[in-house]
1. Can you list the lysines whose alpha carbon is less than 30 Å from that of Lys180, not counting same-chain residues fewer than 8 positions off?
2. Quick one: Debye curve from the C-alpha atoms of region 2-220, no solvent, what's log10 I(q)/I(0) at q = 0.08, 0.13, 0.18 Å⁻¹?
3. With the contact rule set at Cα under 8 Å and sequence spacing of 6 or more, what percent relative contact order holds for region 97-227?
4. How many nm is it between the label spots at Ala59 and Lys84, if each spot is 7 Å from the Cα in line with the beta carbon?
5. Residues in region 8-52, backbone N under 20 Å from the label point at Lys199 (7 Å along the Cα-to-beta-carbon vector): list them, ranges by number please.
6. Run through region 71-154 and list the GluC sites (Glu not before Pro) located in a DSSP loop whose Cβ has at most 13 other Cβ atoms within 10 Å.
7. What is the chain's relative contact order, in percent, from Cα pairs under 8 angstrom and six or more apart in sequence?
8. If you take the alpha carbon radius of gyration of region 37-145 and divide it by 2.2 N^0.38 Å, what ratio comes out, to two decimals?
Amino acid sequence: MKVIFHGHACFTVESGNKKVIIDPFLSGNPLAKKKPEEVEVDAILVTHGHGDHLGDTLAIAQRTGAVVIAPNELAVYCQNKGAKAHPMHIGGAYEFDFGKVKLTPAWHGSAVINGEEIIYTGNPCGFLLTMDGKTLYHAGDTGLFGDMELIGRLHNIDIALLPIGDNFVMGIDDAVEAVKMLKPKRVVPMHYNTFDVIKQDPDIFAKKVADLGFTCNILKVEEELVF
């Protein structure tokens with residue numbers, strides 16, 4: 001499995017000839033180097049409807065025909081905008097041709113906000129993505145919650161992508177507690193330093209994770225991790 005970081009909470013996951021992108025916030029992302037028109041994937045996983053996660057989903061889906069996989073209300077929203085979508089919901093799993101996707105809880109909100117218009121798009125989620133025997137956990141935007149222990153106990157997580165930016169999501173100390181519960185083979189921090197309000201030092205997180213005996217990889221934008 002190869003994981004490529006595109007900034008904020010956006011990653012491409014590759015295995016064999018299959019590619020999946022998660023939360024494709026590219027245009028409008030001050031850290032992003034990849035352009036939406038350069039994205040070629042089989043599926044788009046979207047954790048919730050906020051603009052820094054839904055991002056360029058519709059443009060990519062309409063151009064490539066990639067299926068949008070998201071919680072039901074958000075998937076239907078995308079479908080109504082001309083995208084091919086596969087609705088799911090928390091706790092549900094499905095075998096796609098590229099691998100298995102399971103939705104996990106995430107403590108956050110989910111809405112498409114256009115000026116004064118707010119369109120609620122159901123529950124936010126995280127994703128467990130299994131491709132060729134490797135399992136990736138993308139926590140989505142979330143605070144710390146006790147059922148992360150259950151997620152870690154029921155799934156052998158090879159890599160966990162965890163937010164550390166605070167304010168909207170877990171901060172560093174809460175993300176360290178999440179690592180204790182999830183027990184992943186390796187951890188990658190995300191959702192930090194995109195904006196001033198979520199400015200954090202990932203090296204502090206990495207040291208705390210290492211002190212617990214876990215491996216932490218801090219990825220630069222467009223850096224790849226193969227495992």
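Each reported figure results from applying straightforward, stated rules to the coordinates on display, with no laboratory input. Computed from a predicted structure; not experimentally measured. Ideal geometry is used to build each Cβ from the backbone, glycine not excepted, and the neighbour counts take in all protein chains shown.
1. Hits, sequence-local ones excluded: Lys2, Lys19, Lys100, Lys102, Lys134, Lys199, Lys207, Lys208, Lys220.
2. -0.24, -0.67, -1.37
3. Working: 254 pairs, mean separation 23.2, N = 131.
The value is 18 percent.
4. It is 2.1 nm.
5. Answer for this model: 8-9, 29-32.
6. In loop regions of region 71-154 (DSSP not H, G, I, E or B), the sparsely surrounded GluC sites (Glu not before Pro) are Glu116.
7. The value is 17 percent.
8. Values: Rg = 13.3 Å, N = 109, 2.2 N^0.38 = 13.1 Å.
Rounded to two decimals, the normalised Rg is 1.02.
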